[in-house]
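Peer 1: Here you go, one structure.
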Amino acid sequence: MLLDPPRDVPPGGSDRREERAAAARAGFDVVRHPDYPRLGWVFELGERPTAHVGADVEVFERGLVEGCWAGAFADFDFAGRTSLFGSGVVARAGGWLFCPPCHTLDALYALAHRGRAHVGNSLALLLRQTGVRPRLDVDYTRAIATLVAGLDAAETVLWRDPEVVLHRVLADDFTLEGGGIGKRRKVETASFADFGAYRDHLLGVLAACAANAADPARRRTYRLVTTCSGGYDSNTAAALAARLGGRLAVTLGSARGGAADSGAPVAEALGLTCVERERTERASGGSEVEFLTPGTGGADSPLALFEAELDGALLLTGYHGDKVWERTTPPNAVLKRGDPSGSSLTDFRLRVGFIHVPVPFIGALRHADIHAISNAEEMRPFSVGGGYDRPICRRILEEAGVPRGLVGRSKQAVAMIYSWSPRYLSPEVRAAFEGFLRERGLLWRVRARLAGFQAAAVAFRAVRKATKVAPALERPFGGLRDRLDRHFRAYENSRYANLLFVWALGQVFPARDRDGR
């Protein structure tokens, strides 16, 4: 299967010649595609590898990278770092080491097809570049959704048949070895004896990342921007951003169902300029499509309202704070999550061109240390009890001058998960997707199966709630609850969600006319 002739971004200035020369010394070619997302890349392996990259991907003598890390930009020493917010490739011992971000909101994908291998930071872009078309009978989203189970339990293989093997790798650096994946777990060397040590670690990593992202030697520099809300997690990121000289915050005025969730009062207390926009209860104009291509339901599409502010941003968010900073959550060392929130941003992020720093992932491989701090005697004055109690967040915010009454009143949800039901889709997308199903004779079958899935999911929630309220039911119903949990906890396990994902892949990056599936 041959690739289309390479197309470079004109004009070819001296910086492009130097880039090609540097890459040539390392043994690979570089092609900048004008129709790629700004931060998108696909690395084509072979006797002479080729890096297909977007306009803002950094290429250096030993590889490529998009994003930042807590180290000097000029050193390109991002491999193995637990502070890599982005992704890259680096030459190592006659081969190539692929480096996903330190969090599990994005991933790297490796595709082997008919004797050729490619790795990329966007599944949609990878399929588009290779011409491989996803099959309708493969259950991709069920495997993708396992990212919440943590690094050891998340499924690596998303698709396997005689001609295609598709891997998804979270957080761990890896090599391609004999057609398989050789993972190398990143090791967190920092430890936190008390709140002060942990807070200083957060500030130190963020300061180093901000300096890296603003280095003038970059093709493009990035400015600090933060989210804020009525809750704890994004506001903690905002307090840290303000401490580091950040000036801009973005917030949604309301959460799902219309409940107030604005972070504007917190931003004002922190001295930040705040851009506030209203979340809608339904997508419009097909804006949700690129949030569907990561395969996690599109929950983060409300951030599309801030596209202008996010262009060129180093964006701090609070994703995963519900696990890392919640006082009562049992600790784990493998980045287990409660839901896939934040993981549908990938293709939007790469196209718009911003670096995403979900702050709670900093040091999260040492969750036990953080959990101990949350429950330490020194944190009691900042603990409010109940099921929404994050003393680390409260202390960071109060020490930054945010009054106690402004945050943590209740936990709100802003996610818009399109895999719940067709009624959440914009009219344009719903019509196009249902037309896709109708053409294949699948529409009524998928609708019926979705209704059955929804009913079973309601039953699952009832069993789960009953076993929590009445512990005596744990023995007879605990096994049933666990079996239901594996299948009905996430709507991404439905046939409807899977086909919506497959359809969306073909909309964002239509497959080129090649001999592929």
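The values are calculated or read from the model by the stated rules, or taken from the named source; none is laboratory data. Predicted model only: the values in this text are computed from it and were never measured. When we count neighbours, we look across all protein chains shown, and the Cβ atoms used for this are built from the backbone with ideal geometry, even at glycine.
Peer 1: Could you pull out the residue among Glu428, Glu434 that is surrounded by 15 or more Cβ atoms within 10 Å (Cβ to Cβ), within 30 Å of the chain's Cα centre (by Cα) and touching a residue at least 40 places away in the same chain (Cβ under 8 Å)?
Peer 2: Glu428 is the lone residue from the list that is surrounded by 15 or more Cβ atoms within 10 Å (Cβ to Cβ), within 30 Å of the chain's Cα centre (by Cα) and touching a residue at least 40 places away in the same chain (Cβ under 8 Å).
Peer 1: With (1) over 20 Å from Asn375 (Cβ atoms); (2) surrounded by 19 or more Cβ atoms within 10 Å (Cβ to Cβ); (3) in contact with a Ser or Thr (Cβ under 6 Å, 6 or more places away or on another chain) as the list, and Leu303 as the residue in question, which single condition is left unmet?
Peer 2: Unmet for Leu303, out of (1) over 20 Å from Asn375 (Cβ atoms); (2) surrounded by 19 or more Cβ atoms within 10 Å (Cβ to Cβ); (3) in contact with a Ser or Thr (Cβ under 6 Å, 6 or more places away or on another chain): (3).
Peer 1: Residues in the range 251-267: is at least one free of Cβ contacts under 8 Å to residues at least 12 places away in the same chain and outside any helix (DSSP H, G or I)?
Peer 2: Scanning the range 251-267 turns up no residue that is free of Cβ contacts under 8 Å to residues at least 12 places away in the same chain and outside any helix (DSSP H, G or I).
Peer 1: If you don't mind, another one. Going by the structure shown, is Val119 among the hydrophobic types (A, V, I, L, M, F, W, C) and without any contact (Cβ under 8 Å) to a residue 60 or more places away in the chain?
Peer 2: Judged against the criteria, Val119 is not a match.
Peer 1: A further question on this structure: Report yes if Gly179 is surrounded by 23 or more Cβ atoms within 10 Å (Cβ to Cβ) and more than 21 Å from Leu335 (Cα to Cα), otherwise no.
Peer 2: no
Peer 1: May I pose another question? When you scan the range 297-336, how many residues do you find that are touching a Leu at 6+ places or on another chain (Cβ under 7 Å) and closer than 22 Å to Arg185 by Cα?
Peer 2: Going through the range 297-336 one residue at a time, the tally reaches 4.
Peer 1: Follow-up question, since we're still on this one. How about the range 292-302: which of its residues are out of contact with any Pro (no Cβ under 8 Å at 6 or more places or on another chain), at pLDDT below 95 and not hydroxyl-bearing (Ser, Thr, Tyr)?
Peer 2: Residues satisfying the conditions are Gly298, Asp300, Pro302.
Peer 1: Among residues belonging to the range 146-160 that are out of contact with any strand residue (DSSP E or B) (no Cβ under 7 Å at 6 or more places or on another chain) and of a type outside the set (D, E, K, R), point out the one that is surrounded by the most Cβ atoms within 10 Å (Cβ to Cβ).
Peer 2: Leu147
Peer 1: Moving on. If I filter the range 294-336 down to residues being of a type in the set (Phe, Trp, Tyr) and more than 16 Å from the chain's Cα centre (by Cα), which single residue comes out as nearest to His367 (Cα to Cα)?
Peer 2: Restricting to residues being of a type in the set (Phe, Trp, Tyr) and more than 16 Å from the chain's Cα centre (by Cα), the top hit is Trp325.
Peer 1: Shifting gears a bit: Among Arg395, Arg438, Arg380, which is outside the structural domain of Gly321 (by TED's automatic domain parsing), at pLDDT 90 or above and not polar (S, T, N, Q)?
Peer 2: Arg438
Peer 1: Which ranges mark the helices (runs of 4 or more DSSP H) fully within the range 298-381 that have 1 or more residues being among the basic types (Lys, Arg)?
Peer 2: Those helices (runs of 4 or more DSSP H) span 321-324, 346-352.
Peer 1: For the subset of the range 60-80 comprising residues that are small (Gly, Ala, Ser) and crowded, with 19+ Cβ neighbours inside 10 Å, which member is farthest from Leu203 (Cα to Cα)?
Peer 2: Applying the filter and picking the extreme gives Gly63.
Peer 1: Which condition number does Val42 fail, the rest of (1) surrounded by fewer than 20 Cβ atoms within 10 Å (Cβ to Cβ); (2) over 24 Å from Pro216 (Cα atoms); (3) modelled with pLDDT of 95 or more being met?
Peer 2: So the condition that Val42 fails would be (1).
Peer 1: Right, something else. Tell me which residues, restricted to the range 81-110, are surrounded by fewer than 24 Cβ atoms within 10 Å (Cβ to Cβ) and out of contact with any Leu (no Cβ under 9 Å at 6 or more places or on another chain).
Peer 2: Arg81, Arg92, Ala93, Gly94, Leu97
Peer 1: Check whether at least one residue in the range 384-396 is in contact with an Asp or Glu (Cβ under 7 Å, 6 or more places away or on another chain), in a loop (DSSP other than H, G, I, E, B) and of a type in the set (A, V, I, L, M), and report yes or no.
Peer 2: Looking for residues that are in contact with an Asp or Glu (Cβ under 7 Å, 6 or more places away or on another chain), in a loop (DSSP other than H, G, I, E, B) and of a type in the set (A, V, I, L, M), one finds none in the range 384-396, hence no.
Peer 1: Given the conditions (1) closer than 27 Å to Phe501 by Cβ; (2) surrounded by 23 or more Cβ atoms within 10 Å (Cβ to Cβ), and given that Val359 satisfies all but one, which numbered condition is not satisfied?
Peer 2: Val359 satisfies every listed condition except (1).
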